[in-house]
Amino acid sequence: MDAAGVTHATEIYPGTAHGFTMRDTDAFDAPGLRRHWARLLPLLARALPTGKDAPWGVFRSSVVRPKGGEGACQAS
């Protein structure tokens, strides 16, 4: 990525295993999931179009607001 001149970030989530965002696996880690969404949603907001014509607008308003419970996070 550096050689290609691409702006990027690599994050390591200590104490988590591959698949830590999947609630139905032994790897699930609620704090890791919260951190994942806290980092991912702002990235998507910056990178994807917004407004009523955005093709992902319906997805954004419904799917990224999981129901409460362990591991859920609220996004605006």
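The values are calculated or read from the model by the stated rules, or taken from the named source; none is laboratory data. These figures come from a predicted structure and were not determined experimentally. Ideal geometry is used to build each Cβ from the backbone, glycine not excepted, and the neighbour counts take in all protein chains shown. Accessible surface areas use protein heavy atoms only, side chains included; no ligands, DNA or RNA. Shrake-Rupley method; radii C 1.70, N 1.55, O 1.52, S 1.80 Å.
The residue of the stretch 2-28 that is least open to solvent (accessible area, probe 1.4 Å), among those that are more than 17 Å from Leu43 (Cα to Cα) and of a type in the set (A, V, I, L, M), is Ala27.
Given the criteria assigned to a loop (DSSP other than H, G, I, E, B), within 16 Å of the chain's Cα centre (by Cα) and modelled with pLDDT of 90 or more, does Arg34 qualify?
Numbers: assigned to a loop (DSSP other than H, G, I, E, B): no; within 16 Å of the chain's Cα centre (by Cα): yes; modelled with pLDDT of 90 or more: yes.
Against the criterion (assigned to a loop (DSSP other than H, G, I, E, B), within 16 Å of the chain's Cα centre (by Cα) and modelled with pLDDT of 90 or more), Arg34 does not qualify.
Whenever a residue of the stretch 8-20 is within 15 Å of Ala38 (Cα to Cα), its partners that are surrounded by 12 or more Cβ atoms within 10 Å (Cβ to Cβ), lying with C-beta atoms within less than 6 angstrom and at least six residues away or across chains, give the pairs Tyr13/Gly32; Phe20/Ala27; Phe20/Asp29; Phe20/Gly32.
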